[in-house]
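Scroll down for the structure; my scribbles are underneath it.
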Amino acid sequence: MSTLQAVRGTRDLLPPETELWNRIETTVRRIFERYSFGEIRTPIFEDTQLFARGVGEDTDIVSKEMYTFTPVADPPRQGRSQPETAQSLTLRPENTAGVVRAYIEHKLGETGQLQKLYYIGPQFRRERPQKGRYRQFFQIGAEVIGPPSAGSESPLRDAEVLEMLATLLGELGISSWKLLLNSVGSATDRPRYVQTLRAALEPVAASMCADCQRRAVTNPLRVLDCKHPQDQPIIATLPRIWDSLDEGSKEHFAAVCTALDACGVPYEHDHRLVRGLDYYTRTTFEFVQVGAGEGGLGSQNALLGGGRYDGLSEAIGGPRAPGIGFAMGEDRLVLALEAQAGQTPLLAAAYIAPLGERINAAALVLARELRGAGLRIELGDGSFRLKKSFEAANKLARAIVILGEDEVASGILTVKHFASGEQTKVPRGQLGAFLASPPTSTSN
Ligand code: HAM
């Protein structure tokens, strides 16, 4: 019988890599707290209509990348006049639409306050798998949404989110990024631009790649994402969305830039950044990885993307609730951090090596004591010879604690610290403190 494997485009995350995932999540939760964001958890599957109406029928995500299914309807139940009808469901390809649905469903707008919500969780898109692109991937995202009276339309909200992201990447230890910023204008600017673009593409589309020929008809904005080298000279001559923007959108963009300049967050105005989701209005942005070379993310270099969506709530049947948010690809953050030098695996503070199986129970007691003091401890086994214990300890921990009958009786333990090579006798009562601050090469 053949062995079953994880489905193409999905993968298992195993230790020690999961240490890095947890470290990232701990760091981002700390930052979100500092900026007064609270966590939201929405269901992993939603009504398919949510994405069709929210993200847009014509987008790549909705038209070809969603995992959609219709479960068999429940049989009619006693006491219910209507049997439940079969409903088309979709594994969420992104989380913004779900957050806005929850905002509407729980009437969060009625508080009159801005809602600042963050999420961490899996998303699903049927894309062609490659490095940094998976069919189940993880996003860390946040949304700021509320009634206009709470200031949800203010450009300061955009700048605050972007400043938070610069801080967040810094705290994660990702320093080589570039912030690309653009405006896609108001709900009326965009259709005007699409019309202009469609007209400009008509005479040139035939000499472009097959994808662009199709997009020129179905979704002209997507032509701007094309990476084919031979299409670039044509794309450079296409009209820019900036020239279709109304004064309000231009002023909004300028105010975002002024606030970013004031707090020293660098950015680049990228006229081609129109993003692949239909809900965007005004500000759009991406943080891309730069200068990572071989170990970098390659073509999937967008660490995160986001923007403003002032009409999304109304598009899915809610009240007016402008918002702005982002989502980072957690898989890509992990790849970026792994590629950076100096990522050493997390080692235990100590490996306890019992000398003989009779010492096993005493070793477990010692491990319990030290773990109780907050230390990360590996526990060996008394059936191991000392050489084997040393080999295992060297891979897993910063130090080895040898526990024989004499040590148990005297309460004085022998600790060998691997980096310095020092061997020290430590009273049991001081062992926790000793292991928590390993000796430097000058100590004895
Ligand atoms: P998005 O640009 O589609 O935006 O995705 C955001 C980020 O998720 C990307 O920059 C990338 O890092 C990661 N990502 C996307 N697809 C994959 C994949 N197949 N494999 C690995 N990582 C991936 C959104 O999802 C919007 N909801 C962001 C947003 C929030 N806009 C406003 N609020």
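Extension gain ARG192-ARG385, at 0.36 nm per residue separation less the Cα-Cα distance, in nm?
Difference between extended and current length: 61.8 nm.
When only alpha-carbon atoms are used, what values of Rg and Dmax, in angstrom, describe the stretch 179-231?
11.8, 33
Given points 7 Å out from each Cα along the Cα-Cβ axis, report the GLN340 to ALA236 separation in nanometres with one decimal.
Roughly 3.4 nm, to one decimal.
How big is the antiparallel share of DSSP beta bridges in the chain, given as a percent to the nearest 5?
That works out to approximately 80 percent antiparallel.
Rounded to the nearest 10 degrees, what's the angle between the helix 155-172 long axis and the longest principal axis of the chain, both from Cα atoms, 0 to 90?
Taking the Cα atoms of the chain, the angle to 155-172 is about 30 degrees.
Starting from the Cα gyration tensor of the stretch 98-175, take the square roots of the eigenvalues, sort them a ≥ b ≥ c, and report rounded, prolate or oblate (rounded when a/c is under 1.5, otherwise prolate if a/b is larger than b/c, else oblate).
Judged from the Cα gyration tensor, the stretch 98-175 comes out oblate (a/c at least 1.5, b/c at or above a/b).
Against the empirical 2.2 N^0.38 Å scaling, what ratio does the C-alpha Rg of the stretch 294-413 come to?
Compactness ratio reported: 1.88.
Looking at the square roots a ≥ b ≥ c of the eigenvalues of the Cα gyration tensor of the stretch 350-436, which shape do they give, rounded for a/c under 1.5, prolate if a/b is larger than b/c, or oblate?
Rounded shape, in that the Cα axes give a/c under 1.5.
Let a ≥ b ≥ c be the square roots of the eigenvalues of the Cα gyration tensor of the chain; is it rounded (a/c under 1.5), or, if not, prolate (a/b larger than b/c) or oblate?
Note, shape of the chain comes out prolate.
Given the C-alpha centroids of the stretch 265-281 and the stretch 21-58, what is the distance between them in whole angstrom?
Comparing the Cα centres of the stretch 265-281 and the stretch 21-58, I get a distance of 20 Å.
Could you derive backbone 3J(HN,Hα) for the stretch 202-216 from the dihedral phi with the Karplus parameters 6.51, -1.76 and 1.60 (θ = phi - 60°), listing whole Hz in sequence and x where the residue is Gly or Pro?
Karplus values, whole Hz, x for Gly and Pro: 3, x, 10, 4, 4, 9, 9, 5, 4, 4, 5, 4, 5, 5, 4.
Treat each spin label as a single point 7 Å out from the Cα along the C-beta direction, and report the VAL365 to THR68 distance in nm.
Inter-label distance under the simple model: 6.5 nm.
Bin by bin, in steps of 10 Å, what percent of the Cα pairs in the stretch 380-423 do you find, going until the bin that has the longest distance?
27, 55, 18
Given contacts defined as C-alpha pairs under 8 Å and at least six residues apart, what's the relative contact order of the stretch 350-436, whole-number percent?
Taking the mean separation of contacting Cα pairs over the length of the stretch 350-436, I get 31 percent.
Pairs of Cα atoms under 8 Å, at least six residues apart: use those to get the relative contact order of the chain, whole percent.
14 percent
Using a simple spin-label model with points 7 Å from Cα along the Cα→Cβ vector, what separation in nm is obtained for THR167 and SER2?
So the label points at THR167 and SER2 sit 5.1 nm apart.
Picking from ILE234, PHE37, LEU370, whose Cα lies most toward the positive end of the charge dipole for the chain (charges on Cβ: Lys, Arg +1; Asp, Glu -1)?
LEU370
Distance from the Cα centre of the stretch 132-191 to that of the stretch 297-371, in angstrom?
20 Å
Within the stretch 138-245, which trypsin sites (Lys or Arg not before Pro) sit in a loop by DSSP and count at most 10 neighbouring Cβ atoms inside 10 Å?
Listed in order of number, the matching sites are LYS227.
Enter the Cα centre distance for the pair the stretch 221-257 and the stretch 381-425, rounded to the nearest angstrom.
What the calculation gives is 64 Å, centre to centre.
In deg cm²/dmol, rounded to 500, what helix-only [θ] at 222 nm does the chain give when every DSSP H run of at least 4 residues adds -39500 (n - 2.57) and the total is split over its residues?
-9500 deg cm²/dmol
A short reminder: the numbers here are calculations on the coordinates, not readings from a lab. A quick note: this is a predicted structure, and the numbers were derived from the prediction, not measured. Here Cβ is always computed from backbone atoms with ideal geometry, including for glycine, and neighbour counts include all displayed protein chains.
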